[in-house]
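The values are calculated or read from the model by the stated rules, or taken from the named source; none is laboratory data. For clarity, every value in this text was computed on a predicted model and none was experimentally measured. Backbone-built Cβ (ideal geometry, glycine too); neighbour counts: all protein chains shown. For accessibility, only protein heavy atoms count, side chains too; no ligands or nucleic acids. Shrake-Rupley method; radii C 1.70, N 1.55, O 1.52, S 1.80 Å.
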Amino acid sequence: GVELADDLSGPITEQKLCIYPSQEWEGTKSMWARSNEGMTVFKSNNTYYMMYSGNHWRDPNYGIGYATSDRPVGGLWTKYEGNPILEKDLERGISGPGHNSIIRSPDEKELFIVYHTHILKDGEVRGGRTINIDRLMIKKDGTLEVVGPTKTPQPFPSGATKK
């Protein structure tokens, strides 16, 4: 991570390591790429949440985890011990959830996680991906919970007006 100038024209500090593959689900012993990638950060109640993809994108164990910190750059990021929060469920046709973004409902009362999963044919990854969207909850203890993974349409956000 690096702090940017107020006008976003460039970095104003040196780069600092935030996280690296350290949990077994992230493929720490894999001969494929070992990485934490596709980070997205949001803030809630003075806590920064960094959501990321772990493992190799072609591996069915590719998933989504998160870490928290009290500041976006320069602080200690602590990975959630219950990672991944999104992982494969081959019985339901879910393989390799990853590369997510977080969006808020129009009334800002709900969070949604948008991510991809593998397209499976005969139970095998065929290289394609599809988009998924699920509700993301911040529990009272500050941990994150995804209502999913799903492959079904989600109810329209509460407080939103259909156009």
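Listing for the model above:
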| read-out | value |
| --- | --- |
| Residue 12 accessible area, assembled protein chains, probe 1.4 Å, Å² | 100 Å² |
| Charge tally in the Cβ shell below 11 Å around residue 72, where Lys, Arg are +1 and Asp, Glu are -1, residue 72 excluded | +1 |
| Translational diffusion coefficient (Stokes-Einstein; Kirkwood radius from C-alpha pairs) of the chain at 10 °C, 1.306 mPa s, in µm²/s | 94 µm²/s |
| 14 Å Cα-Cα reach of residue 88 towards aspartates and glutamates, excluding residues that sit fewer than 8 places from it in its own chain | 26, 59, 124 |
| Percent accessible area from carbon and sulfur atoms, the chain, protein chains only, probe 1.4 Å | 49 percent |
| Sum of side-chain charges, residue 35 neighbourhood, beta-carbon under 13 Å (Lys, Arg +1; Asp, Glu -1) | -1 |
| Probe 1.4 Å, accessible area per residue of the chain, Å² | 61 Å² |
| Peptides ranked, highest mean first, by Cβ atoms within 10 Å: ranges 75-83, 147-155, 56-64 | 56-64, 75-83, 147-155 |
| Those aspartates and glutamates that a straight Cα-Cα span of less than 14 Å connects to residue 16, excepting residues fewer than 8 apart in one chain | 3 |
| Among 144, 11, 45 - extreme Cα towards positive end, dipole of the chain, charges at beta-carbon | 144 |
| Net charge contributed by nearby residues that have their C-beta within less than 13 Å of residue 104 (K/R +1, D/E -1) | 0 |
| Cα centre as origin, Lys/Arg/Asp/Glu Cβ charges: the stretch 77-139 dipole, Debye | 120 debye |
| Interatomic Cα distance distribution for the stretch 1-76, bins of 5 angstrom, percent | 3, 16, 21, 20, 18, 12, 7, 2, 0 |
| Extension gain from residue 91 to residue 147, taking 0.36 nm per residue of separation minus the Cα-Cα distance | 18.5 nm |
